[in-house]
1. Among (1) 54, 44, 31; (2) 44, 42, 31; (3) 47, 47, 27, which is the computed Cα extents along the principal axes in Å?
2. Is the shape of segment 1-107 rounded, prolate or oblate, going by the alpha carbon gyration tensor and its root eigenvalues a ≥ b ≥ c, with a/c under 1.5 for rounded and a/b larger than b/c for prolate?
3. How many nm separate the modelled label positions at residue 91 and residue 106, each set 7 Å beyond the Cα in the direction of the Cβ?
4. Assuming 0.36 nm per residue, please report the length gained on full extension of the stretch residue 73 to residue 186 beyond their Cα-Cα distance.
5. Determine the calculated [θ] at 222 nm for the chain from helices alone, applying -39500 (n - 2.57) to every DSSP H run no shorter than 4 residues and normalising by the residue count; nearest 500 deg cm²/dmol.
6. Lys and Arg at +1, Asp and Glu at -1: add these up for the other residues within a Cβ distance under 14 Å of residue 193 and post the number.
7. Using a basic spin-label model with each label point 7 Å from the Cα along Cα→Cβ, how many nm lie between residue 156 and residue 1?
8. Between 19, 157, 86, which gets the highest mean-square fluctuation from a Gaussian network model of the chain, Cα cutoff 10 Å?
Amino acid sequence: MLVAAAVCPCPPLLVPEVAAGAAPELDAARTACTDALGVLAASRPDRLLVVGPAGEGGRGPHPEGTRGSFRGFGVDVDVRLGTGGAETEGELPSSLAVAAWLLERTGWSVAPVEGLGVGEPLAPERCFEAGRDIGGRSERLALLVMGDASACRTLKAPGYLDERAAGFDEEAGRALGAADVAALKTLDAELAYELKCSGRAPWQVLAGAAEDAGLAGALLYEDAPYGVGYVVAAWS
C-alpha cells in the first residue's frame, strides 16, 4: 500500500562536491528535496523504495547496503543505500546514488530502503504494471522517485534547444505537483526520449503504484538550471 511519495531530480550536480563552484545554484533544489523526504518520513512507512532511471548494468533491484560512487565525476565521494543490509558486489546507478546521498544527508532512519533501477526506454504499459505490483504490496510503502525532465530547454542544454521542451516540462510538472495519475500515464514516451527526459519511466512507475492510493500532491520546486528541467514534488 502506497502511503507517500517524493519526486526528486537526479543530477550528480546536487552533490556539492560534484558541482564545486556552482553548488549554490542548486541550493533551492536541495532544500526542496529535503522537504520532500520529510513528507516521506512523516508517513511512517514500513519500507522505502527508491526508483530511478538506469542504464543496462543498473536495471533491476538494488538491496539495502548497495554502494554507489561519484568518483566517475571526479570527486572522492561514496554513498551507501540505507543504513542496514549487507554490502553487495553491485553498484548503484547514478540516479540511485544521488538518492542515497540525499538520504544520508537527511539522516534517513525511518524504515529499511531498497532500490529499483528502471530502463529509460521501458514502455509505459510495463511501467504501469511494475507500479501496480509495487502498490499492491501489503506493507506501508513510500516511494522516492528520481528523474529529470527534459534536457533541451536552452541552447546550452545537453540536448540543445527544442521548442517542445518547455511545454512538455510544464505538463509533467503540473501532473507531478497535482498527483495527477491519469496525466502522468499519458506522457508521450517517444517525445520524452527525444527531449532526453530521464524521469518519464520512473514517473509512470509511480503512476501505476498510486492508482488506488488517493494521494494529494504539492509542487515544491520547478526550474531549469543548465537547461535541464528539475521538479520536486511530495505526495501524501
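The values are calculated or read from the model by the stated rules, or taken from the named source; none is laboratory data. Computed from a prediction, not measured in an experiment: that's the story for all the values here. In this analysis, Cβ positions are derived from the backbone assuming ideal geometry, glycine residues included, and neighbour counts consider all displayed protein chains. When the accessible area is computed, the model is the full protein with side chains, heavy atoms only, and any ligands, DNA or RNA have been set aside. Shrake-Rupley method; radii C 1.70, N 1.55, O 1.52, S 1.80 Å.
1. Computed from these coordinates, Cα extents along the principal axes in Å corresponds to label (2).
2. Details: a/c = 1.78, a/b = 1.09, b/c = 1.64.
The shape class here is oblate.
3. 2.7
4. Details: separation 113, 0.36 × 113 = 40.68 nm, distance 3.43 nm.
That pair, residue 73 and residue 186, stretches by 37.2 nm at full extension.
5. Details: 8 runs with 80 residues, N = 236.
Taken over the chain, the calculation gives -10000 deg cm²/dmol.
6. Numbers: positive: 164, 196, 200; negative: 120, 148, 162, 188, 190, 194.
Computed value for this residue: -3.
7. 5.0
8. Looking only at 19, 157, 86, the largest GNM fluctuation is found for 86.
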